[in-house]
């Protein structure tokens, strides 16, 4: 579902008279931002950049990270026709479709985060698993991108991640998505979410601890449920550490782009 865009000020970057038309994709989290540019006519990717940083939760500072990476990519040289933002934060709630009521989004989200009266809450429909992801977007970042590119399509990171994992895998599995400083664990059974949550971690020992804790809590520790780990870390290091504790482990390399964009 395309979330409604927040209307900003008149564009400050003119896209007129720029000959190279591109798609712009941005992935933003608390520890990294990455972008890719694709040729508008062919769809071929011709530029990718990634910027890593210490964990940031302040939306004002996150905005400076987006400004920085757009400058690195010399975005002013291009005519951006279809910008997309995929962002991650902890201001979300997953609600099964039978329990979801349109117009009551703040009611669901208020149990997970403190809300102000003027907060703008939206939802994405995860149709494949009959669930809604209700979340609080970064209005200042949305406004900045709309000011520069006139329009914006945006989604929560969890929406895209879960949709990708569900659509690529039909079997029941436990998925662990590892980034610097945070990880996400998703367990799917019969195409329904049995468990999903995010955790902060400092080492691979922490990751293993959370995985075992979740599997034990769901009575799956000794089952044959496949565990699929997505990480840019050394796959052999992860396999060697985890194989004694988990029966079926697969490690898939990712660089922040290929599992999301």
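The values are calculated or read from the model by the stated rules, or taken from the named source; none is laboratory data. Everything quoted here is computed from the prediction, not taken from an experiment. Cβ: placed from backbone, ideal geometry, glycine included. Neighbour counts: every protein chain shown.
Looking at (1) within 21 Å of the chain's Cα centre (by Cα); (2) closer than 24 Å to residue 163 by Cβ; (3) modelled with pLDDT of 90 or more, which is the only condition residue 215 fails?
(1)
Give the residues of segment 74-83 that are in contact with a strand residue (DSSP E or B) (Cβ under 7 Å, 6 or more places away or on another chain) and surrounded by fewer than 18 Cβ atoms within 10 Å (Cβ to Cβ), sorted by residue number.
Across segment 74-83, the qualifying residues are 79, 81, 82.
Among the residues of segment 242-253, how many are surrounded by fewer than 16 Cβ atoms within 10 Å (Cβ to Cβ) and either in a loop (DSSP other than H, G, I, E, B) or at pLDDT below 90 (or both)? Walk me through how you get there before you give the answer.
Applying the first criterion (surrounded by fewer than 16 Cβ atoms within 10 Å (Cβ to Cβ)) to segment 242-253 yields 243-245, 247-248, 250, 252-253.
With either in a loop (DSSP other than H, G, I, E, B) or at pLDDT below 90 (or both) added as a condition, the list becomes 243-245, 247-248, 252-253.
Qualifying residue count for the region: 7.
Looking at segment 117-153 only, could you name the residues that are more than 18 Å from the chain's Cα centre (by Cα) and modelled with pLDDT under 90?
117, 118, 119, 120, 130
Which members of segment 99-130 meet the condition of being in a loop (DSSP other than H, G, I, E, B), in contact (Cβ under 8 Å) with a residue 60 or more places away in the chain and out of contact with any helix residue (DSSP H, G or I) (no Cβ under 7 Å at 6 or more places or on another chain)? Before the answer, list the steps.
Restricting attention to segment 99-130, the residues satisfying the condition of being in a loop (DSSP other than H, G, I, E, B) are 100-104, 110-121, 130.
From what is left, the residues that are in contact (Cβ under 8 Å) with a residue 60 or more places away in the chain are 120, 130.
Passing the criteria: none in range.
Would a scan of segment 170-188 turn up a residue that is over 25 Å from residue 235 (Cβ atoms) and buried (at least 19 other Cβ atoms within 10 Å of the Cβ)? Show your work before the answer.
Just the residues of segment 170-188 that are over 25 Å from residue 235 (Cβ atoms), to begin with: none.
Checked segment 170-188: no residue is over 25 Å from residue 235 (Cβ atoms) and buried (at least 19 other Cβ atoms within 10 Å of the Cβ).
Test each condition in (1) in contact with a helix residue (DSSP H, G or I) (Cβ under 9 Å, 6 or more places away or on another chain); (2) crowded, with 18+ Cβ neighbours inside 10 Å; (3) in a strand (DSSP E or B) for residue 51 and report the one that comes out false.
All conditions are met except number (2).
Which ranges mark the strands (runs of 3 or more DSSP E) fully within segment 158-204 that have 1 or more residues being in the same structural domain as residue 229 (by TED's automatic domain parsing), closer than 20 Å to residue 137 by Cα and over 11 Å from the mean Cα position of the chain (by Cα)? Spell out the reasoning first.
Values: elements: 173-179, 182-189, 192-200.
Ranges flagged: 182-189, 192-200.
Being closer than 26 Å to residue 192 by Cα and not assigned by TED's automatic domain parsing to the domain that holds residue 180 narrows it down to one of 67, 49, 105, so name that one. Talk me through it step by step, then tell me what you get.
Working: 67 fails: closer than 26 Å to residue 192 by Cα; 49 fails: closer than 26 Å to residue 192 by Cα.
Residue meeting the stated conditions: 105.
Does residue 40 satisfy being touching a residue at least 24 places away in the same chain (Cβ under 8 Å) and crowded, with 19+ Cβ neighbours inside 10 Å? Write out each step before concluding.
Details: touching a residue at least 24 places away in the same chain (Cβ under 8 Å): yes; crowded, with 19+ Cβ neighbours inside 10 Å: no.
No.
Please determine, by comparing only the residues of segment 151-164 that are surrounded by fewer than 19 Cβ atoms within 10 Å (Cβ to Cβ) and in contact with a strand residue (DSSP E or B) (Cβ under 9 Å, 6 or more places away or on another chain), which one is nearest to residue 253 (Cα to Cα).
So the first thing to find is which residues in segment 151-164 are surrounded by fewer than 19 Cβ atoms within 10 Å (Cβ to Cβ), and the list is 151, 153, 163-164.
Now restrict to residues that are in contact with a strand residue (DSSP E or B) (Cβ under 9 Å, 6 or more places away or on another chain): 151, 153, 163.
On the way: 151: 33, 153: 27, 163: 18 Å.
Restricting to residues being surrounded by fewer than 19 Cβ atoms within 10 Å (Cβ to Cβ) and in contact with a strand residue (DSSP E or B) (Cβ under 9 Å, 6 or more places away or on another chain), the top hit is 163.
Which one is farthest from residue 136 (Cα to Cα) among residues in segment 62-98 that are in contact with a helix residue (DSSP H, G or I) (Cβ under 7 Å, 6 or more places away or on another chain) and in a helix (DSSP H, G or I)?
That would be 66.
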